[in-house]
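Coordinate-derived values only; no laboratory data. Since this is a predicted model, take the numbers as computed values, not measurements. In this analysis, Cβ positions are derived from the backbone assuming ideal geometry, glycine residues included, and neighbour counts consider all displayed protein chains.
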Amino acid sequence: MSPRCRVPDVYLSMSADLKRTERLVDRARPVRVLVLGPEIGGPSPPEKRRVRLHQELSTRLPQTEFEFLDETPQSGLAEADFGNIRSAVARFEPDLVLWQVGGADAIALSDAEAFGRTLFDAAKWLKERNVDLVLIDPPFVPRVPHEQIYWRIVGKIREVSDRARLNLVQRYAAMQFLDFQRQKLKEEPADAGSRRVCMAELVAEAIVKAVTR
């Protein structure tokens with residue numbers, strides 16, 4: 001990890017094994033990755049936003065080829081994302097799904113209980129099809145008036161993840177930690193580009209820790 005992106009391990013620890021991904025890595029076979037959401041590694045178009053994440057994974061696991069699917073659906077409400085996941089799994093047969101979830105539901109003031117049930121059902125559906133899942137909760141955006149609308153959904157994601165032993169990259173807490181560290185050092189707040197670079201590193205680090213432990 002680069003020093004500016006280093007966070008406590010607890011924010012990157014996975015609750016369960018990524019069995020399918022680990023098996024492919026052990027056998028030096030390609031890993032097909034489906035990403036829902038535009039934030040990891042940069043803005044749209046999809047081929048651009050995945051470059052940084054691909055670089056970070058390849059640096060850590062140089063013997064493994066990561067194939068990012070070309071027609072990755074955009075992130076929306078969790079219920080719509082679940083529909084996109086079902087369609088994408090049928091069409092592309094991914095090995096690993098990275099689901100950035102919760103941002104749209106927070107802004108839409110979705111019912112937290114219904115949102116939690118959707119997460120649980122989607123995770124169960126993927127597990128039944130032997131597809132690995134990593135959840136990534138919403139970003140922490142400092143010093144904006146609407147920040148508190150994320151708290152309820154972030155809390156629900158963690159609650160469901162803990163109860164069902166789902167793999168979660170705690171983006172919100174990690175970015176909050178990095179912002180606090182910058183404040184202590186009296187540094188300027190990170191811009192959007194820097195935040196995306198760190199997220200690519202953090203997600204790659206979490207995946208690699210899970211498949212190599």
Check: So how compact is region 79-187: Cα radius of gyration and Dmax in angstrom?
Finding: 15.2, 49
Check: What is the Cα coordinate range of region 52-127 on the first, second and third principal axes, sorted by size from largest, in whole angstrom?
Finding: 43, 25, 21
Margin query: Taking amide H atoms as placed 1.01 Å from N in the peptide plane, list the residues 5 or more away in sequence, or in a different chain, whose amide H sits under 5 Å from that of Arg32.
Written below: Glu67, Asp95, Leu96
Item checked: Across Lys19/Lys184; Lys156/Lys184; Lys156/Lys209, pairs whose alpha-carbon gap is larger than 32 Å -> Lys19/Lys184
Margin query: Give me a comma-separated list of calculated 3J(HN,Hα) values for region 113-121, in order, Karplus coefficients 6.51, -1.76, 1.60 applied at θ = phi - 60°, integers in Hz, x for any Gly or Pro.
Written below: 5, 5, 4, x, 5, 5, 4, 4, 5
Check: Once label points are set 7 Å from the Cα along Cα→Cβ at both His146 and Asp121, what is their separation, rounded to one decimal in nm?
Finding: 2.6 nm
Notebook entry, point to check: Over the Cα atoms of region 89-152, how large are the radius of gyration and the largest Cα-Cα distance (Dmax), in Å?
Noted result: 14.0, 41
Check: Once both labels are modelled 7 Å past Cα along the beta-carbon direction, what's the Arg29-Leu185 spacing in nm?
Finding: 4.2 nm
